[in-house]
Amino acid sequence: MSKNLPLAGLKIVEFQGIGPGPFCGMHFADLGADVIVIERPHAMLPAAGGITRRGKRSIVLDLKKSKDLEVAKNLIASADGVFEGNRPGVMERLGLGPEEMQGLNPKLVYGRLTGWGQDGPLADYAGHDINYAAITGALFYTGAAGEKPLPTPTLLADIAGGAHYLMIGMLSALLKAKETGQGDIIDAAMIDGLSHMMNLVLDIVPSGMMALDKREVSLLDGPHWYNAYATSDNHFVTLGPLEPQFYGELLSLLDLDMDSDFLDQMNMTKWADQAEKLTALFKTKTRDEWVEKLHFSNACFAPVLTLSEAKDHPHMKARRIYDTSANLQQAVAAPRFQSSGRQQPNAFPNPGQHSEDILKELENE
């Protein structure tokens, strides 16, 4: 781990979980923090290669045993921050709740990652990404108007509304703790993060381009210039030239700049007919042919790629976004820091791989 990374010297304890919790821990580790994950005995590892485990140290503890529970307390007391993703009250019943842990370490930043939050009528019930996206109104805007909402990859609530908001909250509290000596408790609810993100949609509503309570022609699925189109080889391409100058470049490249049907970009009453004509047009060439014609321009064009195709795209390759040295595809750390450069992904720990080292460190503190 490079000492030049911005979070070098920071010690974070992660309680084993799935999805957004491990992702948050991976991000901390990617940025240089010493992330120690407390894992359960005989717990199942991710079905894949364990990318979200990378860069962490692992200790296996059975929290039902008093000796292991004491180790967990000492480990947390020695840390700058800790986070968990259990339902409300679980950590308190174990004797590892925030009040008890901050009694041992007043500067401790204690992160709590849940879907529904620490309070409210749904706080004690199960849920997943699709449910949190549904209740916040985010899922309402997926799919075509009049059709059922489409489940999104579990990035919307889990990662964008959950893991990233947890990390932002913890880093903010860690900065404050450094100045004041006082830690904090972070209630990172995915519905809170998603709702906060929806402010961008709410900001557009007064313009008339989006509606709060009904799906009609809107910026999300109405414009012919902000849409996906099928190609002759059954692939897809995307357009997004919102700005007039970029829209003009698209029309020029498509030889439509003199077509009166397309000159009025923001006339919502024409969008359906314009989209129909573009649908027919994009069906006349393959995806690669459209890439050759439109890609390296200001027409705001990109092909829809699979993950394996994305790895080999010239721009992605030029930025060396993906790494395959561990015999699997994984994206390198983001964002990039000039002081440390591109980081080679760290190794994945085996469960309990660092137990002995961590115990020795605790004895010496």
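The values are calculated or read from the model by the stated rules, or taken from the named source; none is laboratory data. What you see is a predicted model; the values in this text were computed from it and never measured. Methodologically, a virtual Cβ is constructed for each residue, glycine included, from the backbone with ideal geometry; neighbour enumeration extends over all protein chains shown.
Consider the stretch 309-330 and keep the residues that are small (G, A, S) and at pLDDT below 95. The one that is farthest from Y247 (Cα to Cα) is A326. Taken over the stretch 92-115, the criterion of being closer than 23 Å to M26 by Cα and in contact (Cβ under 8 Å) with a residue 40 or more places away in the chain is satisfied by P98, K107, L108, V109, Y110, G111, R112, L113, T114, G115.
Among the residues making up the stretch 164-208, those that are more than 25 Å from G19 (Cβ to Cβ) and at pLDDT below 95 are L202, D203, I204, V205, P206, S207, G208.
Within the stretch 124-167, being aromatic (F, W, Y), under 23 Å from G25 (Cα atoms) and touching a residue at least 60 places away in the same chain (Cβ under 8 Å) holds for one residue alone: Y132.
For the stretch 9-27, a residue qualifies if it is of a type outside the set (F, W, Y) and either crowded, with 23+ Cβ neighbours inside 10 Å or touching a Cys at 6+ places or on another chain (Cβ under 7 Å) (or both), and the qualifying residues are I12, V13, E14, P20, G21, P22, C24, G25, M26. A search for C-beta distances below 9 Å between a residue of the stretch 343-365 that is touching a residue at least 12 places away in the same chain (Cβ under 8 Å) and within 15 Å of D62 (Cα to Cα) and any residue that is polar (S, T, N, Q) and assigned to a loop (DSSP other than H, G, I, E, B), counting only pairs 6+ apart in sequence or on different chains, returns P351/Q16. Could you say whether any residue in the stretch 141-152 is farther than 28 Å from A77 by Cα, in contact with an Asp or Glu (Cβ under 6 Å, 6 or more places away or on another chain) and buried (at least 17 other Cβ atoms within 10 Å of the Cβ)? Among the residues of the stretch 141-152, not one is farther than 28 Å from A77 by Cα, in contact with an Asp or Glu (Cβ under 6 Å, 6 or more places away or on another chain) and buried (at least 17 other Cβ atoms within 10 Å of the Cβ), which makes the answer no. Pairs linking a residue in the stretch 69-84 that is under 24 Å from A163 (Cα atoms) to a residue that is polar (S, T, N, Q) and surrounded by fewer than 20 Cβ atoms within 10 Å (Cβ to Cβ), with Cβ atoms under 9 Å and 6 or more positions apart or on different chains, are I76/N105; A77/N105; S78/N105; A79/N105; D80/N105. For the stretch 168-177, the candidate set comprises residues that are among the aliphatic types (A, V, I, L, M) and either touching a Gly at 6+ places or on another chain (Cβ under 7 Å) or touching a residue at least 24 places away in the same chain (Cβ under 8 Å) (or both); within that set, the residue that is surrounded by the most Cβ atoms within 10 Å (Cβ to Cβ) is M170.
If you go through the stretch 234-258 and keep only what is of a type outside the set (A, V, I, L, M, F, W, C), surrounded by 12 or more Cβ atoms within 10 Å (Cβ to Cβ) and at pLDDT 95 or above, you end up with H235, T238, G240, P241, E243, Y247, G248, E249, S252.
If you check A302, A333, A275, A310 for being surrounded by 12 or more Cβ atoms within 10 Å (Cβ to Cβ), assigned to a helix (DSSP H, G or I), of a type in the set (G, A, S) and under 22 Å from the mean Cα position of the chain (by Cα), only one passes: A310.
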